[in-house]
1. How do the pairs read when you match residues in segment 228-240 that are closer than 18 Å to Leu250 by Cα and among the aromatic types (Phe, Trp, Tyr) with residues anywhere that are assigned to a loop (DSSP other than H, G, I, E, B) and at pLDDT below 95, using Cβ under 8 Å and keeping only pairs 6 or more apart or on different chains?
2. Among the residues of segment 294-314, what is the count of those that are surrounded by 21 or more Cβ atoms within 10 Å (Cβ to Cβ) and within 17 Å of the chain's Cα centre (by Cα)?
3. Just to be sure before I move on: is Ala227 under 22 Å from Met71 (Cα atoms) and in contact with a Cys (Cβ under 6 Å, 6 or more places away or on another chain) in the structure I sent?
4. Go over the candidates Ala68, Ala17 one by one and state the one that is closer than 18 Å to Leu294 by Cα and among the hydrophobic types (A, V, I, L, M, F, W, C).
5. Consider only pairs whose beta carbons are under 9 Å apart and that are at least six residues apart or on different chains; among these, list those whose first residue lies in segment 303-314 and is free of Cβ contacts under 8 Å to residues at least 60 places away in the same chain and whose second residue is part of a helix (DSSP H, G or I) and among the β-branched types (Val, Ile, Thr).
6. Do you know which of the residues in segment 73-121 that are part of a loop (DSSP other than H, G, I, E, B), in contact with a strand residue (DSSP E or B) (Cβ under 8 Å, 6 or more places away or on another chain) and not β-branched (Val, Ile, Thr) is most open to solvent (accessible area, probe 1.4 Å)?
7. Only one of Leu200, Leu224 is of a type outside the set (S, T, N, Q), open to solvent by 10 Å² or more (accessible area, probe 1.4 Å) and either under 24 Å from Gln263 (Cβ atoms) or not in a helix (DSSP H, G or I) (or both); which?
8. When segment 247-265 is examined, which residues are found to be crowded, with 19+ Cβ neighbours inside 10 Å and either more than 18 Å from Gly52 (Cα to Cα) or touching a residue at least 60 places away in the same chain (Cβ under 8 Å) (or both)?
Amino acid sequence: MPTTVPAYGKEAAGRLASMADVTASDGALRRFLHGLPGVDAVGLQARAATLGTRSIKTTAKAYAIDLAISMIDLTTLEGADTPGKVRALCAKGINPDPTDRGTPRVAAICVYPDMVATAKEALTGSGIHVASVATAFPAGRAALPVKLADTRDAVAAGADEIDMVIDRGAFLSGRYLSVFEEIKQVKEACRREDGSYAHLKVIFETGELQTYDNVRRVSWLAMLAGADFIKTSTGKVAVNATPPVTLLMLEAVRDFHATTGVQVGVKPAGGIRTTKDAMKYLVMVNETLGEEWLTADWFRFGASSLLNDLLMQRQKLSTGRYSGPDYVTVD
């Protein structure tokens, strides 16, 4: 999985440079974002519902379950987190099903910045990334210097990925350039001493953005600012990832790629709990963006509770018996 900012080809770099005028001023950025096509809410919801009805047969289902496991960011973000809890979560990420060593490992372990070093040590040699929330997660209510320090601390401790939250208040107030500049500065804070960058995921908290049009606008804003991934939610509010919102973000990524040549990942987070849910999202990715995005490099699930259901369904396909929740570890 990539942990550095992509080296854009000449064509992509040229296309991005040609869009520099879009972000040259608050007025220019506002005109661009409000000039994006309005979202047909009925059509969006209908397409998301239709894609959710696609059936996946047994052989394809086994492949899809393993793929979904490999895309999970296994997460613990609680005030009561301890080094022991983080090490246990890392052990589960490395070996999700102790009865079957062929089970794929998860994509990343996501923790608070003060637990990054613990996770990094526990995951040594595993190939699993350490992701860290930063920028005053989950509310994002802190001064910019504090957010940047939060990010630098996590990167210095060894974080491979940073999940930042945008200032929703600034966005909803129409201060688009302020949000844009903050994302750019956080991305720069992801720079390591060797010049490489931790991967930057930008969290929108779509449940607070009020309209589908705002979701489309903030998706473009974050990608223009250099987001490597766009992410729906923190998982800490009442409304988190939904199929229509995720589909809208996938479409924004598709259109951004067509315009600039730059590939961006997507991470729905919160509320995805069952294998059936995961299958719906994988179908949406395949139908909207194609197989190139069907890897952990470009699509993730922020849904720790999902892993246990995937493991139980995997066991059922393998043995013909449904094992039940007692046969998987409780996080």
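The values are calculated or read from the model by the stated rules, or taken from the named source; none is laboratory data. Source: prediction; values computed, not measured. Every residue, glycine as well, gets a Cβ built from its backbone with ideal geometry; the counts of neighbours run over all protein chains shown. Only protein heavy atoms, including side chains, enter the accessible area calculation; ligands, DNA and RNA are left aside. Shrake-Rupley method; radii C 1.70, N 1.55, O 1.52, S 1.80 Å.
1. Pairs that qualify, where the first residue is closer than 18 Å to Leu250 by Cα and among the aromatic types (Phe, Trp, Tyr) and the partner is assigned to a loop (DSSP other than H, G, I, E, B) and at pLDDT below 95: there are none.
2. Final tally of qualifying residues: 10.
3. Spelling it out, it is not the case that Ala227 is under 22 Å from Met71 (Cα atoms) and in contact with a Cys (Cβ under 6 Å, 6 or more places away or on another chain).
4. Being closer than 18 Å to Leu294 by Cα and among the hydrophobic types (A, V, I, L, M, F, W, C) holds for just one of Ala68, Ala17, which is Ala68.
5. Every condition considered, the pairs that remain are Asp309/Thr275; Met312/Thr275.
6. Checking each candidate, the answer is Tyr112.
7. On the way: Leu200 fails: open to solvent by 10 Å² or more (accessible area, probe 1.4 Å).
When all the criteria are applied, what remains is Leu224.
8. Passing the criteria: Leu247, Leu248, Ala252, Val253, Phe256, Thr260, Val262, Val264, Gly265.
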